[in-house]
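First comes the structure, then the notes that go with it.
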Amino acid sequence: MLNQLSDSLKKFNSNTFSSLKIRNYRLYFIGQSISLTGTWMQTIGQAWLVLKLTNSGTALGLVTALQFLPVLFFGPMGGVLADRFSKRKLLYITQAGAGVLALILAILVSTDTVQLWMIYILATLVGLFNAVDNPTRRTFVLEMVGRKELNNAVTLFSTAFNLSRIVGPAIAGAIIAGAGLASCFYLNAISYIAVLACLFLMKNSEFHLVEPIKRAKGQLREGFKYVRNNPFLLNLLIMMAIIGTFTYEFQVNLPLLAKYTFNSNASGFALLNSGMGIGAVLGGLAAASRKKILPKSMIRTIFVFGSAVILVAISPSLHIAILAMVIVGFFSIRFSSMGETMLQLESAPTMRSRVMSLWSVAFLGSTPIGGPIIGWIGEYANPRWGLTVSGFAALTAGVFGVITLRNSKLHYYKKDSINPIVVEKEGGKL
């Protein structure tokens, strides 16, 4: 009995953490985990800073929108750059730039000279770096681990992202209460050093590199055409756009819910984020060992995800809302990791960064549209209504998925090929 249990645990560890055996990815995972903790500290600090300066949900939504607006307009061009240049070199630039912006905000807050318009400008500049960073970072994972370990690597990275959602807000809540807002921003700036160091330590010989494409006219338009002619990619991106626009507005919904519905402070906001993070870590560990990615499984996940968001909206107390956010986090990571993995594997290597830039547009770039709307609903109707709209948006995307993706087939590509060479029915191994 004990031997069987031991064997099961060994198999679980081997399957769940298999991509961490790869040195370059292990370095990447460590550096990003440190940096993401700092990013979540800044997210909490920035949201509370805006509310402190304005007491306005609309202003909070606008800051969030400005941070993602460049992704909406320039994200596809960021994908072109990621296809043209070394992804590792691009990440040096984007990560260093984000660190400098965090340092500037820290100085402004610590010197008590910060004003709302300054936050607007810094948020926009962060968005410009993210427009290039997101498609680069997502496709860089495949170059580190290869096709076989992609789902595991994507899921583990999402797990680290959400683990930082637990640690970052918890640290931020304590630091804001004890040392003030500026400390959150200083620590975030310092955290980017870890990313740059880990990028430097990677070995070129261990990458699964895709040869960068040469600069040519029409490459941006070519990416749009490629997606338009692939129904699976197009429909998956439409689903993500619906959910990204209205459901993934937690940076707007949660501080409003904490402050105005439950009469809490920054600690309440941090606990709601941490609840989501706990659920996402559990969901990530459960999903990391999966070897099959099924469109119908993703659709079921979306329905539960949307229902859980509505459950948060109707929660009678902060404590119950935190527990409901655990469920939200669990199914959120399952949806996002499955969607990202399928999108990358369904894309031709020479088109992959451009396709993933559209995923970033749908996931992050749609926030400037939904952020102010959800913020306005939360401020002038009720934060509960903002979350209700978010939940029903996910359910709508699920219905769209039932109509368009349920019987989809999955494709494979040779390296550097733009045409699929194998087609398997749903349920095939990815």
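Bin width 10 Å, origin at 0, all Cα-Cα pairs of the stretch 160-255: what percent of pairs per bin? In order of increasing distance, the bins hold 11, 21, 25, 31, 12, 1 percent. Taking the average, over residues, of other Cβ atoms within 10 Å as the packing measure, peptides 16-23, 277-284 rank 277-284, 16-23 from highest down. To the nearest µm²/s, what D does Stokes-Einstein give for the stretch 213-358 at 4 °C and 1.567 mPa s, using the Kirkwood radius over alpha carbon pairs as Rh? It comes out at roughly 77 µm²/s. Just to confirm my numbers, what's the Cα centroid distance between the stretch 187-251 and the stretch 48-70 in Å? Rounded to whole Å, the Cα centres lie 25 Å apart. Taking label points 7 Å from Cα along the Cα-to-Cβ direction, Ser297 and Thr113 give a separation of 5.4 nm.
Note that the stretch 326-340 has calculated 3J(HN,Hα) couplings of 4, 5, 4, x, 4, 8, 5, 5, 5, 5, 5, 6, 5, x, 5 Hz, one per residue in order, obtained from phi through the Karplus relation 6.51 cos²θ - 1.76 cosθ + 1.60 (θ = phi - 60°); glycine and proline are x.
Spin-label model, Lys225 to Tyr260: label points 7 Å out along the Cα-to-beta-carbon direction sit 4.7 nm apart. Treating each Cα of the chain as an identical point scatterer and summing with the Debye formula, the log10 of I(q)/I(0) at q = 0.06, 0.11 Å⁻¹ comes to -0.23, -0.81. Axis of helix 23-54 versus longest Cα principal axis of the chain: the two differ by about 30°, to the nearest ten degrees.
How tilted is helix 2-16 with respect to the longest principal axis of the chain? Cα atoms for both, answer in degrees (0 to 90, nearest 10). Roughly 90 degrees, rounded to the nearest 10. Against the main long axis of the alpha-carbon atoms of the chain, helix 367-380 sits at an angle near 30°.
For the chain, the mean residue ellipticity at 222 nm estimated from helices alone is -26500 deg cm²/dmol, where every DSSP H run of n ≥ 4 contributes -39500 (n - 2.57) and the total is divided by all residues, rounded to the nearest 500.
Using alpha carbons only, what's the Rg to Rh ratio of the stretch 222-269 with Rh from Kirkwood? Rg/Rh: 1.35.
Every read-out reported here was derived from the displayed coordinates using simple, explicitly stated rules and does not represent laboratory data. Just so it is clear, the model here is predicted, and its values are computed rather than measured. Cβ coordinates were reconstructed from backbone atoms using ideal geometry, including for glycine residues, and neighbour counts include every protein chain displayed.
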